[in-house]
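Below: one structure, written as structure tokens.
The values are calculated or read from the model by the stated rules, or taken from the named source; none is laboratory data. Keep in mind that this is a model prediction, so the values were computed, not measured. Backbone-built Cβ (ideal geometry, glycine too); neighbour counts: all protein chains shown.
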Amino acid sequence: MKKGLIVVGSILFLVFIIFMMYRSNFNTANSYQKDVDKAWGNVQSSYQRRADLIPQLVATVKGAAENEKGILTAVTQARAGIVNAKTPEDMEIMGKKINTAINLAFEAYPQIRSTENFQELQTQLEGTENRINYSRDEYNEKVALYNNHITGFLNEMLLSKTRFPQKESFKAAEGSEKAPEVKF
């Protein structure tokens, strides 16, 4: 009888240990799976940020550049008109704009700031792409951790492959290993 209790106790203890290992491995796998999903959500969020931000930045920079182009063209044309005024009639027409003429004769050309806008656009593009790259790298790390866990010796036997399928790491588009050619 004593021997039977020891056998039953040992079996119950073994079942308890297996259950605890399964529960622990299940919970860890579940947590890793959630981390993978969250990391992929961060990649998607970075993509959305790029899709939202970049067109707005480009439109702003284009608008500022067009505005500066118009101002510079107007200033240049006004200066050319003052220099080219040779007849009294021309001078009379120009006399109505004497304040503008005096200001234009003594002021420097307007400062061109669109270059700064283009530099800011480049900075934002680089920052956005860096965020995306960081998110992709983090996603790949989470996938590797998750896949390593679910394919471990005991976990391979204990965990359901339908509940915990292997995840795919982020893979670059075909041909992206070649540096793009930049043409001006």
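Structure above, values below:
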{"item": "Criterion: of a type outside the set (S, T, N, Q) and modelled with pLDDT of 75 or more - qualifying residue of Ala29, Ala78, Ala74, Ala85", "result": "Ala29"}
{"item": "Condition broken by Ile11, with the remaining ones in (1) under 30 Å from Asn133 (Cα atoms); (2) at pLDDT 90 or above satisfied", "result": "(1)"}
{"item": "For Glu168: the one exception among (1) touching a helix residue (DSSP H, G or I) at 6+ places or on another chain (Cβ under 9 Å); (2) outside any helix (DSSP H, G or I); (3) without any contact (Cβ under 8 Å) to a residue 12 or more places away in the chain", "result": "(3)"}
{"item": "One residue from Glu129, Glu141, Glu168 being acidic (Asp, Glu), modelled with pLDDT of 85 or more, under 23 Å from the mean Cα position of the chain (by Cα) and under 30 Å from Ala59 (Cα atoms)", "result": "Glu129"}
{"item": "Residue satisfying all of: in the stretch 127-147; closer than 20 Å to Ile54 by Cβ and charged (D, E, K, R); surrounded by the most Cβ atoms within 10 Å (Cβ to Cβ) among these", "result": "Arg136"}
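A quick yes/no check of all residues on (1) over 19 Å from Asp35 (Cβ atoms); (2) exposed (fewer than 14 other Cβ atoms within 10 Å of the Cβ); (3) at pLDDT 90 or above; (4) basic (Lys, Arg):
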position: Ile102; (1), (2), (3), (4): yes, yes, no, no
position: Leu125; (1), (2), (3), (4): yes, no, no, no
position: His149; (1), (2), (3), (4): no, no, yes, no
position: Leu159; (1), (2), (3), (4): no, no, no, no
position: Ala179; (1), (2), (3), (4): yes, yes, no, no
position: Val182; (1), (2), (3), (4): yes, yes, no, no
